Structures are given as C-alpha cells and as structure tokens.
Amino acid sequence: MATLTLSEKLDQLGARYDELTRELSTGEAVSDSSRFQKIAKQHAELEEIVAKHREYKQIEKDLAGAHQMVVEAEDPEMKQLAHEEEKQLTARKEIVERELKLLLLPKDPLDEKSVIVEIRAGTGGDEAALFAGELFRMYSRFAETQGWKIEVLESSPSSLGGLKEVVAAIQGRKVYSKLKYESGVHRVQRVPATETQGRIHTSAATVAVLPEADEIDIKIEAKDLRVDTFCSSGPGGQSVNTTYSAVRITHIPTGLVVSQQDEKSQIKNRAKAMRVLRARLYELELEKQQAALSAERRGQIKTGDRSEKIRTYNFPQNRVTDHRIGLTLHQLTDVMDGKLPALVDALVAHYEAERLEQELAEA
C-alpha cells in the first residue's frame with residue numbers, strides 16, 4: 001500500500017473535517033447528545049490543522065500569481081511590487097509549513113487532562129507565603145479567562161494573609177497542555193510590606209502541576225493504604241472542630257502521605273485526599289517512564305522540574321523573566337492579574353519547536 005504524501009494526508013484530514021461539519025447539523029446527531037459530543041470533539045481536534053492547511057494552500061496560490069506577475073509584468077514598478085509580494089509570501093509559506101509540521105506531531109496524551117496544582121511557600125518566611133498566595137490568585141484569574149473550573153482541595157493560610165501551601169484542582173479543556181511548564185521554583189524580588197528600610201528582598205515559592213489521574217490510570221489497592229482520622233486544626237494548632245473529620249492517607253508502598261481537613265465531612269476529606277494521592281502516584285509513574293525514555297533518547301523535553309528556578313518576578317522594575325527561554329516582559333502587573341498567554345504561548349512554542357527539531361533529526 002502506497003504511503004500518503006504530507007499533502008495527501010492533509011487533504012484527507014480536510015475532507016474528514018468537512019464530513020464532520022455536515023454531521024453536526026444532522027437531526028440524528030442533534031438528537032443524540034453523546035454522539036453529538038463525540039463528533040464535536042473530533043471536529044474541534046481537526047479545526048486548527050485544517051485551517052492552517054487551507055492558509056498554506058492559499059499562500060501557494062497567491063505565490064504562483066505573484067511569480068507570474070514578476071515574469072510577465074512589463075511595468076518596472078509593478079514588477080518590483082510583485083517581487084516584494086513574492087518575497088513576503090515565501091517567508092510566510094516557510095512559517096506556515098513549520099506550523100503545520102508542529103500540528104502533525106503526535107500529541108502529548110496528557111495534554112487534554114485536568115490538573116492538580118500545588119503551590120508552597122519556600123525561602124522567605126511570611127513574604128514567601130504572601131507571594132504563594134499571589135501566585136494562586138494569578139493562576140485562578142488565568143483559569144477564569146480560559147473557562148476552567150478551580151476547586152481548592154487543601155490550603156494552609158499564613159498569619160499575614162498569605163498561603164503556606166495550597167492544593168487546587170483545575171478542570172477544563174487542555175488544562176495540562178497550557179500549565180505543564182509552570183512547575184518549578186518561582187522567585188520574587190520586591191520590598192516586603194514588613195521591610196522598614198526599603199530594601200529589596202528575594203523570596204521563593206514552588207509550583208507543581210500534576211495531571212489529574214482517573215481511576216483507570218492509577219489503580220490503588222485498599223491493602224496499600226493506611227487511613228488515619230483526627231480533629232482538624234486551624235492556624236496556631238487550635239482545634240476547629242471536635243469531630244474526627246480530618247483524614248491522613250499513607251500509601252504504604254511509596255511512603256506518600258496526603259492529609260485533608262478543609263471539609264467538615266470525613267467522607268469529603270477522604271475523597272479529596274484520594275484525588276491528590278492519585279495525581280502524585282501518577283506523577284511518580286510518569287517520572288519512571290520519562291527516566292526510561294531519557295536513557296534511550298538524549299535531549300529529553302522537560303515538562304518542568306519543581307527544583308529548577310524557572311522564573312523571576314521583579315516588582316520594582318515591573319519585570320518578569322522566564323529563565324528557560326530567556327523571555328523578559330515588562331508587564332508584571334498584567335501577569336500577576338492572570339494575563340498569562342504571552343508567557344504560556346511562548347513556552348509551548350519553544351518546547352514544541354524543540355520537539356519538532358528532535359523528531360526531524362531522528363526521522
């Protein structure tokens with residue numbers, strides 16, 4: 001059987017997209033919600049690549065017309081204009097061709113998943129806790145702009161109103177694909193509210209973004225768990241209720257421990273703790289797979305090591321710098337307000353381009 005060329009494969013995807021478009025408007029699909037959702041999902045997955053291929057074909061058509069004008073035009077001014085257009089279209093064609101190749105790369109199977117985000121204050125005491133709280137607000141605002149749902153699973157407030165630790169689930173479409181490069185150490189440079197001399201301090205908070213695992217992804221045996229219950233406590237250790245609603249789950253084979261006390265119900269606390277445990281076990285499994293992969297392939301693409309300093313937020317200069325890709329934006333106020341696309345999109349583009357280079361080198 002003959003191997004399809006890239007152009008033929010893209011034409012097939014375009015035909016399939018048109019077929020799905022027609023199916024979405026049929027009475028059979030509209031009356032069957034599960035079928036409609038399935039078709040709509042396939043349609044959405046193809047939309048970007050089909051639009052890009054059609055743009056590419058239009059550029060080829062325009063390029064042929066511009067080249068013909070260069071060859072046939074007798075007026076020097078018209079010939080020069082056609083030549084300039086040909087140069088611009090050739091440059092655009094190269095960009096779109098590269099974008100098409102990126103879109104055709106095998107997708108990360110985790111990209112569609114929702115996530116569990118863990119933010120913890122690092123070095124810097126109360127100032128670090130304040131910054132951790134601001135990071136959580138930043139991601140919450142970003143989630144709102146994306147239409148995602150955010151649910152706090154666990155939080156530990158500090159005395160000055162910050163957060164020593166917060167664990168939250170963010171659910172929605174392609175959450176992991178946009179947040180997976182946020183894991184690591186986030187450093188802040190500013191004059192703390194508690195500083196009387198006006199000196200700039202450096203503090204840090206760590207962020208971990210874990211793909212949320214379904215039960216089918218990670219099977220946890222009851223015999224591998226030890227579940228302890230205790231009275232939940234507030235700041236300073238005082239008891240906030242007298243029932244044993246707080247839950248601590250220990251996964252015996254790995255030694256992982258998850259505690260949950262935000263809910264008044266022991267059942268709800270246990271359910272939340274299991275979600276966090278499942279995500280952490282899933283991350284351990286993924287790390288094993290990536291370690292095995294990196295033994296075979298050099299230059300493994302990183303998805304964010306939580307021990308790596310990835311970004312600095314400099315408040316006096318209204319500057320944010322991502323050290324991995326050398327990107328600096330003088331828009332810190334906007335970034336802290338959840339306007340993250342400039343950072344998120346640049347990171348995705350960088351690592352996807354790196355992945356494309358690796359795929360082409362191995363082809």
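A probe of 1.4 angstrom, applied to the heavy atoms of all protein chains, finds residue 229 with accessible area near 60 square angstrom. Of the two radii for the range 1-86, the radius of gyration is 1.26 times the Kirkwood radius, both from the alpha carbons; that is the Rg over Rh value.
Where the accessible area of the chain is counted over protein heavy atoms with a 1.4 Å probe, how much of it, in %, is carbon and sulfur? Walk me through the intermediate numbers first.
Numbers: 10580 of 20380 Å².
Within the chain, the accessible surface is 52 percent carbon and sulfur.
Between residue 218 and residue 93, the contour length at 0.36 nm per residue exceeds the alpha carbon distance by 40.6 nm.
FRET efficiency for residue 57 and residue 145, Cβ-Cβ distance as r, R0 = 41 Å, nearest 0.05? Given R0 = 41 Å and the Cβ-Cβ separation, E is 0.80.
Hull volume per residue, based on the alpha-carbon atoms of the range 1-46 and their convex hull, is 79 Å³.
Largest accessible area first, the listed residues 67, 350, 330 line up as 330, 67, 350 when surface is computed with a 1.4 Å probe on the assembled protein chains. Computed on the chain, with alpha-carbon pairs under 8 angstrom and 6+ residues apart, the relative contact order is 14 percent.
According to the square roots a ≥ b ≥ c of the eigenvalues of the Cα gyration tensor, what is the shape class of the range 96-225, taking rounded for a/c under 1.5, prolate for a/b larger than b/c otherwise, and oblate for the remainder? Here the range 96-225 falls in the oblate category.
Cα gyration tensor of the chain, axes a ≥ b ≥ c as square roots of the eigenvalues: rounded (a/c below 1.5), prolate (a/b > b/c) or oblate?
Working: a/c = 2.41, a/b = 1.60, b/c = 1.50.
Note, shape of the chain comes out prolate.
Under 27 Å Cα to Cα from residue 93, which lysines show up? Leave out anything in the same chain fewer than 8 places away. Correct list for residue 93: 9, 52, 57, 61, 79, 101, 107, 178. Between residue 8 and residue 286, the simple label model (points 7 Å from Cα in the Cβ direction) yields a spacing of 3.7 nm.
Keeping all protein chains in place and using 1.4 angstrom, which order do 116, 95 fall into by accessible surface area, from largest down? Show your work: numbers first, answer last.
Working: 116 0, 95 85 Å².
Largest to smallest exposure gives the sequence 95, 116.
Once the Cα atoms of helix 266-296 and of the chain are each reduced to a long axis, what angle between those two axes, in degrees from 0 to 90 to the nearest 10, is obtained? Computed tilt is about 50 degrees.
Using heavy atoms of the protein chains and a probe of 1.4 Å, the accessible area assigned to residue 190 is about 30 Å². Based on Cα contacts under 8 Å between residues 6+ apart, the range 97-196 shows a relative contact order of 34 percent.
Compared with the alpha-carbon gap, the fully stretched path from residue 105 to residue 80 is longer by 5.2 nm at 0.36 nm per residue. Quick check on the range 19-135: take the gyration tensor over C-alpha atoms, sort the square-rooted eigenvalues as a ≥ b ≥ c, and tell me if it's rounded (a/c under 1.5), prolate or oblate. Note, shape of the range 19-135 comes out oblate.
The values are calculated or read from the model by the stated rules, or taken from the named source; none is laboratory data. These numbers come from a predicted model, not from an experiment. Note: ideal-geometry Cβ built from the backbone for every residue, glycine included; neighbour counts use all protein chains shown. Just so you know, the surface numbers come from the protein's heavy atoms only, side chains and all, with ligands and any DNA or RNA stripped out. Shrake-Rupley method; radii C 1.70, N 1.55, O 1.52, S 1.80 Å.
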